[in-house]
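So the structure is just underneath, and the comments pick up after that.
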Amino acid sequence: TLVGRDALRTQSGMEGDMDLQFLLQGGDLLKVRSSSWKKTRYFRLQEDCKTMWHESKKLFKSNPTCECFSLDDISAVRLGRQSEGLRKSTEEQVEGRCFSIMFKGRRKNLDLIASSEEEARQWVKSLEKMMYNRNNLSLHWIYTCLNKADKNKDDKMSQSEVKNFLRLINIEVDDVYTEMLFAKCDTSKSGYLSGAEIEHFYDLLTHREEIDVIYGEYAKTTGFMSPENLVDFLMKEQREKATLVDAHKIIEKYELDENAKGKKLLSKDGFLMYLHTPEALVYNSDHREVYQDMSHPLSHYFISSSHNTYLMEDQLKGPSSTEAYVRALLKGCRCVELDCWDGSDDEPVIYHGYTLTSKILFKDAIQAIKDHAFKTSDYPVILSLENHCSVEQQEVMARHMSSILGSALVTSPLCDGMPTNFPSPEELRGKFLIKGKRLNKLEATYVPEAAVADETDVSEEEESNDEDEDEQNVEEERKVGEGTDKLKLAKELSNMVIYCKSVHFNGFEDARQNLSFYEMSSFKEGKAMKLAEESANAYVRHNVEKLSRIYPAGSRTDSSNYNPVPLWNAGCQIVALNFQTACQDMDLNQGRFLVNGKSGYILKPAFMREEGAEFDPITLTRGDWLKHKTLHVMVISAQQLPKVNKKKSSIVDPLVKVQVFGVPADVAEKETPAVENNGFNPTWNENLQFDVYVPELALVRFAVEDHDSTSDNEFVGQYTLPFNSLKMGYRHVPLLNKNGDILPSARLFVHVMVLDAE
């Protein structure tokens, strides 16, 4: 076969692998859509080792219907009845035979039942292994395109098939160059390429001149890199502390040529292999683990937070689902919202009130949260209750939370006596906190005379006390039917609110004098942005000891988002975004919480944690926060950028934008020119320079766009990370799609340098 299928499998370490053989052979599975729709489907992995294929058994002979999905589209494979669909549509006795394939983006889960528990485990194990190997390979993609280009399947490539192949891999080569490349490889002068000639053709295509230059600069030992040469490269270019022991480990791990490895030398292929590893990427691999001090009070951290977590799409008619909670929690979200209303049969429901969004049971949401809360992060989850229920159904809510969450639910202060500050994320590991209204102050538990009921009863998202005019009309409709009676609060639910009591915000001075540390306000984005611009330092001080939650404007019925950065600059911890909506604002959120083990908690800089903090992100007076740096980014090249337009003849014209987000003085954006018709291996060698004054709050975003001279550029991929997590030197930058999932083969190659400004 073309470029040896077996050779590719050998390079991927999958040759003869039993799990791969199991998937290639495939088998029957019961596909579940509802309790009444369960049908047998035949599933198997296609020869490209990338695409899962399935078809209806009964239609095999006459009119088969086939469906496919790529392993790249899978976000997770879960054993057991873990999905909402399987829990509703199957009985407990089939638990061990069930598994679900969860997809990236908004695609529905695939719920399946195997014939035995052993077979279900085999499917899950095999799929997970292939998913892991897909993320470490790009060869299969090339192989698939070569096979597609070989129209007549004769294992040879004519000149027209070569052109077709180039188009498939997103590179347009003019006829003169194609003929030259073809002639160079067609050593047999037969008019087509086969076997070793195709491999030579592939080598010429994937040749990276920039790597040749860097390698040649340091390969001083008979054309190879010695351990000493490698240490030289790591220290001079990559600015890393490296020893000969480190160099030997790299050669042992990444050198493919056994002959070179035996001589303790690193070849060019081994060098390139190393540059693609996680420890050599632009993101500091030390930050993949929890590396920050987690023993500070809760108010000293930025907390990954979701708004209307139950929604899969928009806020007017989109579906509500427990799966939306699962997805947010698995992305590291630590504050989820539950919009609670009276349901039938005395069971509270969650949905977006006075809209056509579908409903889910409160108890099902709590169960899903419990099952997935601590899979990505061990640190506490805050349940933000938007409570519209009657006292009777509030009591049901309290019972469900108590019975399902059990001892993990915080129902009294962690310390003896009345607390004076928040506990830390470390002390709250594996715990759930309730954010909501409370009938009295927490102090009343310790001082009976303080037991005075609050005067006001408001819904969570009316706490900011002054609606923006343009939002009033949108909100008005939702309030019809609420009546003028105050919401009555069930004592059982009230008593569960310990560290996050919702109160009106009546100004910073009022909060300082009259509110306890655990009393917190929610701010609509417009109000919060105004405070962050006009009273930034007061906001920073307020957020040293109290929590602030920000939520999107009511007018965002399409579940769009707002820029969270100005609110983080003001020290706001719970900046809630619509996780279900892919956009630049969510890219920034994902970048902010990429580090610290994806724990969902990021320690605020010291100058935002001290009492009487003087930091003001707007005026930027002198202080510890000013650490003026110059960021130099040379955008060198990219590899295997995906097509944006699926049309056969469409090739991307990529350009790269480098953006800095942070305090207003640091916000900047610069871009390279576009490279015409080359998504496969475009080269820029473009230098971009930025001044960064408050690096501890800055984020850097690398974005690739398809240039269009007549309309807006189209998004290709992006990667966002904190400024202080950048690594210097020659680095590959992974790229994520619009949903925040990795693009398996696509990368940028850059050189990064951070210098102290004069």
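Observations on the structure shown:
- Any chance LEU577 is outside the structural domain of THR720 (by the TED database) and on the phi > 0 side of the Ramachandran plot: no
- Filter result for LEU603 (within 26 Å of SER285 (Cα to Cα), surrounded by fewer than 20 Cβ atoms within 10 Å (Cβ to Cβ) and of a type in the set (A, V, I, L, M)): yes
- Looking across the range 365-395, just one residue is open to solvent by 10 Å² or more (accessible area, probe 1.4 Å), part of a loop (DSSP other than H, G, I, E, B) and either touching an Asp or Glu at 6+ places or on another chain (Cβ under 6 Å) or free of Cβ contacts under 8 Å to residues at least 24 places away in the same chain (or both), and that is SER390.
- Residue ID - most open to solvent (accessible area, probe 1.4 Å), chosen from residues in the range 67-81 that are within 19 Å of GLN367 (Cα to Cα) and over 21 Å from the mean Cα position of the chain (by Cα): LEU79
- In the condition set (1) buried (at least 18 other Cβ atoms within 10 Å of the Cβ); (2) in contact with a Ser or Thr (Cβ under 7 Å, 6 or more places away or on another chain), GLU426 is compliant with all but (1).
- Output for the range 432-446, where each listed residue is under 23 Å from VAL381 (Cα atoms), among the hydrophobic types (A, V, I, L, M, F, W, C) and not in a strand (DSSP E or B): LEU439, LEU442
- Subset of the range 509-536 that is among the hydrophobic types (A, V, I, L, M, F, W, C) and outside any helix (DSSP H, G or I) - its residue that is farthest from the chain's Cα centre (by Cα): LEU515
- When the range 341-364 is filtered for residues that are within 30 Å of LEU79 (Cβ to Cβ) and not in a loop (DSSP other than H, G, I, E, B), the ones remaining, listed by number, are VAL349, ILE350, ILE360, LEU361, PHE362, LYS363, ASP364.
- Meets criteria (assigned by the TED database to the domain that holds ASN147 and either on the phi < 0 side of the Ramachandran plot or under 37 Å from the mean Cα position of the chain (by Cα) (or both)) for PHE271: no
- Exclusive hit being polar (S, T, N, Q) and under 22 Å from VAL750 (Cα atoms), set SER226, SER267: SER267
- When we screen LEU230, LEU256 for residues that are part of a loop (DSSP other than H, G, I, E, B), without any contact (Cβ under 8 Å) to a residue 60 or more places away in the chain and either of a type outside the set (Ser, Thr, Tyr) or open to solvent by 70 Å² or more (accessible area, probe 1.4 Å) (or both), the only hit is LEU256.
- Of residues in the range 295-314 being open to solvent by 10 Å² or more (accessible area, probe 1.4 Å) and in a loop (DSSP other than H, G, I, E, B), the one nearest to GLY85 (Cα to Cα): MET312
- Of the listed requirements (1) at pLDDT below 95; (2) within 24 Å of SER494 (Cβ to Cβ); (3) crowded, with 24+ Cβ neighbours inside 10 Å, HIS352 misses just one: (2).
- Residue under evaluation GLN11, criteria (1) open to solvent by 60 Å² or more (accessible area, probe 1.4 Å); (2) modelled with pLDDT of 50 or more, criterion not met: (2)
- The residues of the range 301-323 that are among the small types (Gly, Ala, Ser), at pLDDT below 90 and out of contact with any strand residue (DSSP E or B) (no Cβ under 6 Å at 6 or more places or on another chain) amount to a single one, SER321.
- Note on the range 116-152: among residues that are farther than 24 Å from ALA76 by Cα and part of a helix (DSSP H, G or I), the one that is modelled with the highest pLDDT is ALA149.
- Residue within the range 419-436 that is among the small types (Gly, Ala, Ser), modelled with pLDDT of 95 or more and within 22 Å of HIS504 (Cβ to Cβ) present: yes
- Against the list (1) at pLDDT below 95; (2) in a helix (DSSP H, G or I); (3) in contact with a strand residue (DSSP E or B) (Cβ under 7 Å, 6 or more places away or on another chain); (4) aliphatic (A, V, I, L, M), the condition ALA553 fails is (2).
- Residue in the range 537-566 that is most open to solvent (accessible area, probe 1.4 Å), counting only those that are without any contact (Cβ under 8 Å) to a residue 40 or more places away in the chain and more than 20 Å from the chain's Cα centre (by Cα): ALA538
The values are calculated or read from the model by the stated rules, or taken from the named source; none is laboratory data. Note that the structure is predicted; figures quoted are calculated from it, not measured. All Cβ positions, glycine included, derive from the backbone under ideal geometry; neighbour counts span all protein chains shown. Calculation scope for accessible area: heavy atoms of the full protein, side chains included, ligands and nucleic acids excluded. Shrake-Rupley method; radii C 1.70, N 1.55, O 1.52, S 1.80 Å.
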